[in-house]
Each structure stands twice: as C-alpha cells, then as structure tokens.
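Bear in mind these aren't lab numbers, they're just calculated from the coordinates by the rules spelled out. These numbers come from a predicted model, not from an experiment. Cβ coordinates were reconstructed from backbone atoms using ideal geometry, including for glycine residues, and neighbour counts include every protein chain displayed.
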Amino acid sequence: MSVLLFGVSHRSAPVEVLERLAVSDHDRPKLVDALLSSRAISEAMLVSTCNRVEIYAVVDAFHPALEAVGAVLGDHSGMTVNDMTRHAYVRYSEAAVEHLFTVAAGLDSLVVGEQQILGQIRNAYLSADANDSAGRVLHELAQQALRVGKRVHTETGIDRAGASVVSVALHRAKSLLTDPATGAHRLRRAVVVGAGAMGGLATAQLAREGVTEMVVVNRTVDKADHLAGNIAANHGISVRGVGLDDLPAAMATADVVVTCTGAIGAVVGVGSVHEALASRAGNEAGGNAPAPLVICDLGLPRNVDPAAARLPGVHIVDIEGLRGDSETQAAENDTLAARSIVAAELADYLTHQRQAEVTPTVAALRQRAADVVEAEILRLETRLPDLEGAQRDEVAKTVRRVVDKLLHAPTVRVKQLASTPNGDHYAEALRELFELKPGAAEAVSAPDHLGGLPAGESTGELGDR
C-alpha cells in the first residue's frame, strides 16, 4: 500500500480553477466516501483551503486509484480530467509524504511560513478520522506531518514576522488607503464578513493594525455577536455583529472590508457594493469625492463578485493579486532551516515505515521456526516415549535456543537493511528462501512497481505551469 497525492494549489492553478475544485466542510465527507467506493483506495483525506485542494489516498494500484480520484473531483467540479490535469500535480509514495511535510511546514503556502495550514491539515485529518476514512497509514502520516509543522515553527524563525494571507492583504489595503501627500493611511473602520476561523484571524489582525470600529457580518447573527464580543473584550475597541442584510449599511462607512467565508457563490454582490457607494457619496460633506473602499476577498470560492472591481472608488485585493508579493516570502536562512527539518523528518519517517514493513516477515520466519521445533519435539516424544520429562524439557529448550541464536542475526540485520534503498528486497529474499506464507507479510510490505511507476517516484507536474 502506498500514498497517492492529487492536488492543485496557488502554485499550479489560477483562482478560477481553485474555485471550481474547492470543497466545503459540508461536502468533504461525501467526496471521501465516493473515493473509498473505489477498490483501489482504502484510506482517504481531503485538504481544502483558500490556496489548495489536495487528496491523499492510500492505494494498492496507482492508475486505477488516480482514475478514481479524477472521476470524483470531475463529478464535483464539472471539469474534465484533461482540464484538471493541466493544473494538477501528482505525487506517489515517498514524494507524496515529502509534499505533505512541506505543506505542513508552511513552505508551500502563499505566505511562506504561515501557521494556518497546520489547523487546516488537522481539520482534514479529524474529518477523515470521524468519517472512518483514515486507517493506520493516514493516522501515522497526518500526525507526523503535524509534528513536522510544529517543529519547524518552534525551531526556526520562518514565521517570525507573523505574516499570513490576512496580514499581507491588509498591508496592501493600507497602501491603497494612504494619502500620497501626507503619508497617513485611512484605516479606522472595518467590516469582516465571516465569523469562522479566518474571520477570527482577520478581526484580531485588524485590531492590531489600529482599527477603532469594526462590524462582523455573518449569516448567523449569533456567531457574529460571539466573535464581536471576543474582539471587543480582548482589544478594547468598538465591535458589533450583524446579519447579511445589514452588509450594505456596514460597508457604507467602512475603509476596508475583509471577506473570508466558505460560501459557494458571491456573498458580496455588485448591488450591495453599489448601494454602499451611494450611501458613502450621500454622507460625504462638501460634495467631496467619497473615500476609496478596499475589499480584501480571501474566500475560496471568491466571496465578492469580480464585477464590483469596475465600480468607481472600489479596489479588490484577492488571492490572485497577492501572488509574488515580497511579503509572502520568508527569510532565506529560515527557509533553508525549515527544509532541513523536513528532510530529516522525512528520512526518519521512511526508516520507521520500512522497518515496520519487514516486521510481518520476521514474525512469519519466527513462527515457521517455532512450528518446525514443535514438530520435531513431538517426533522425538514419539520415538523416545520413555524419555523422562526433565530430559525432554531440556532437549526442547536446547533446540529452541539453537534456533533463536541462528535467527537472531538475520532478523536483526533485515530490520537494519530495511531502511536502506531497496531494503524491501531482503525481506523478499527471506520469504523466498524460507517459503513463508505471503499473506501477513505482503499486506504491509513495500509497494511493488505499480503501473510502471517505481516506488518513491512522482509522476511530476502535469500540464502547463
């Protein structure tokens, strides 16, 4: 059994493709169940964030499993396999594990070093666990990935600046709200649409940026009130919660709007923005032009109708526009340190897995030896029925000691060799030489070359980059 990864991310696909493939928390169990309906897939975990959609599957055959993943995502997104593979990447076996560790470390994030991905991987794992779609392989893999991410953040300064997609977007908003003549920025009133984890991060970041008035907008007003109360208590600023019907009125007095919901379809429509702009114009004293409205759309799918960007005085900052921003990069030495940790943890993980894979073979060999010893002791008792009990026991102990000593070196050595390249060949040799039953051993043995793809290799990036 090996791990197959099929994914798209901000590095491989435009936002339009990510939007179509995005999976909500509500739909995730349904897609995972569809994946498990394939005979080629025994475990599955789905990670879906504003920057990536990735499926990690434990498979016993590469090509059938890949076809099943493509079919499930195609049904969900309405995209053809060819459309998806133009923007997808596929990793297999060791390469899939390395990718997950890299993602958990924040090295593959839009903002390098951001910590939100750890929570997102944890949520994906907990969902898989609750849905009984995570078995031994994914349990160990996900938990190790989370440990890798924690170690990177503890031992390096990769997140020293505390950068996140929210902070980078707000820095861009500040620049758009800065008066070129005085250098002063106008960022005092804010609206946050969404009261989930990302909404909590956005409200806290806005409070740290010096915002003095804030409105939390959510479909469920109770959730908006709860988040507003927490921010007001922790930061001592004016915050209130309202429902979506009050969004235009809230935007009418805002300097910046941050949207971060998982809703399908636009939450902030052109009509709402136009209504807010009309109110702003009416409130502006002396007939002056209303101040610009900056909307940071951090949702996936996008929360704001792109047509709103064509309205006068509206600036939209979205995921697409943040790509390549200098603030999304971590310091080179911190990145190198993080990559070293990932490499070391990957080596340790693979060593442990390879050693675990030969354990059934060693157990089968020892069981074969024990069966032979018991058969010979029984034969001895038949041939020498008058042998005293004490003598018979001593003979049995002696034979067992001899067998144990003969098996000690090869069983210890095969475990040591398992961690070396092609180490699974030694276990195969033991099975062949001693005619061991393959069932228990091969159930967790190292993967064969499935579908022409050698274990540990990747198919590489598919299509245009």
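Note down the relative contact order for the chain as a percent, whole number, built from C-alpha pairs under 8 angstrom at least six residues apart. Walk me through the intermediate numbers first.
Details: 747 pairs, mean separation 84.4, N = 465.
It rounds to 18 percent for the chain.
What are the residues whose amide H is under 5 Å from the amide H of THR178, where those residues sit 5 or more places off or on another chain and H is modelled from the backbone?
ARG186
For segment 350-442, with equal point scatterers placed on the C-alpha atoms only and solvent neglected, what are the log10 I(q)/I(0) values from the Debye formula at q = 0.16, 0.20 1/Å, to two decimals?
Each listed q maps to, in turn, -0.69, -0.90.
Applying the Karplus parametrisation 6.51 cos²θ - 1.76 cosθ + 1.60 with θ = phi - 60° to the phi angles of segment 297-311, what ³J(HN,Hα) value in whole Hz is obtained for each residue in order, glycine and proline being reported as x?
So the Karplus estimates, Gly and Pro as x, are 8, 10, x, 9, x, 4, 8, 10, 4, x, 5, 5, 5, 7, 6 Hz.
Quick one: 3J(HN,Hα) in Hz for segment 112-123, Karplus 6.51/-1.76/1.60 with θ = phi - 60°, rounded, Gly and Pro as x.
4, x, 5, 9, 4, 4, 4, x, 6, 5, 4, 5
Taking the 0 to 90 degree range and rounding to the nearest ten, how far is the long axis of helix 165-176 tilted relative to the main principal axis of the chain, both from C-alpha atoms?
That helix lies at roughly 20 degrees to the long axis.
Relative contact order of segment 350-442, please, whole-number percent, based on alpha carbon pairs below 8 angstrom and at least 6 residues apart. Could the numbers behind the result be given before it?
Numbers: 60 pairs, mean separation 52.3, N = 93.
Here the relative contact order equals 56 percent.
Relative contact order for segment 165-328 using alpha-carbon pairs under 8 Å, separation at least 6, rounded to a whole percent? If you can, show how the numbers build up before the last one.
On the way: 302 pairs, mean separation 38.0, N = 164.
Answer for segment 165-328 is 23 percent.
Excluding LEU170 itself, calculate the net charge of residues whose Cβ lies under 10 Å from the Cβ of LEU170, where each Lys or Arg counts +1 and each Asp or Glu counts -1.
Taking every other residue near LEU170 into account, the sum is +2.
Just from its helices, what would the mean residue ellipticity at 222 nm be for the chain, if runs of 4 or more DSSP H residues each count -39500 (n - 2.57) and the sum is divided by every residue, rounded to the nearest 500 deg cm²/dmol?
Helices in the chain give a 222 nm mean residue ellipticity of -17000 deg cm²/dmol.
Would you please put 7-19, 387-399, 236-248 in order of how densely packed they are, using the mean number of other Cβ atoms within 10 angstrom per residue and starting with the highest? Don't jump to the answer; show the numbers that get you there.
Values: 7-19: 19.9, 387-399: 11.8, 236-248: 17.3.
Averaged packing, sorted descending, gives the order 7-19, 236-248, 387-399.
Using only Cα atoms, what Kirkwood radius does segment 124-272 have, in angstroms?
By the Kirkwood definition, the hydrodynamic radius is 17.5 Å.
Mind checking the log10 I(q)/I(0) for the chain at q = 0.07, 0.08, 0.13, 0.14 Å⁻¹? Debye, one equal scatterer per Cα, no solvent, two decimals.
Relative scattering, expressed as log10 I(q)/I(0), comes to -0.48, -0.59, -1.17, -1.29.
May I ask which residue of ALA338, ALA22, GLN416 lies farthest towards the positive end of the charge dipole of the chain, with charges of +1 (Lys, Arg) and -1 (Asp, Glu) on Cβ and the Cα centre as origin?
ALA338
Convert each backbone phi in segment 138-148 into a coupling constant with the Karplus relation 6.51 cos²θ - 1.76 cosθ + 1.60 (shift: θ = phi - 60°), then list the ³J(HN,Hα) values in order as whole Hz, x for Gly and Pro.
Result, rounded to whole Hz: 6, 4, 5, 5, 5, 5, 5, 4, 5, 5, 4.
Roughly how tilted is helix 94-104, in degrees to the nearest 10 and between 0 and 90, from the longest Cα axis of the chain?
Value to nearest ten degrees: 40.
Which entries of LYS150/LYS415; LYS150/LYS437; LYS30/LYS223; LYS30/LYS415; LYS30/LYS174 have Cα-Cα distances beyond 32 Å here? Could the numbers behind the result be given before it?
On the way: LYS150/LYS415 29 Å; LYS150/LYS437 41 Å; LYS30/LYS223 26 Å; LYS30/LYS415 40 Å; LYS30/LYS174 41 Å.
The pairs that break the limit, which is 32 Å between Cα atoms, are LYS150/LYS437; LYS30/LYS415; LYS30/LYS174.
With Cβ to Cβ distances under 14 Å as the rule, what net charge do the other residues near GLY200 carry (K, R +1; D, E -1)?
+1
Ranked highest first by average number of other Cβ atoms within 10 Å, how do 258-266, 94-102, 48-56, 424-432 line up?
Taking the mean over residues of other Cβ atoms within 10 Å, the ranking is 48-56, 94-102, 258-266, 424-432.
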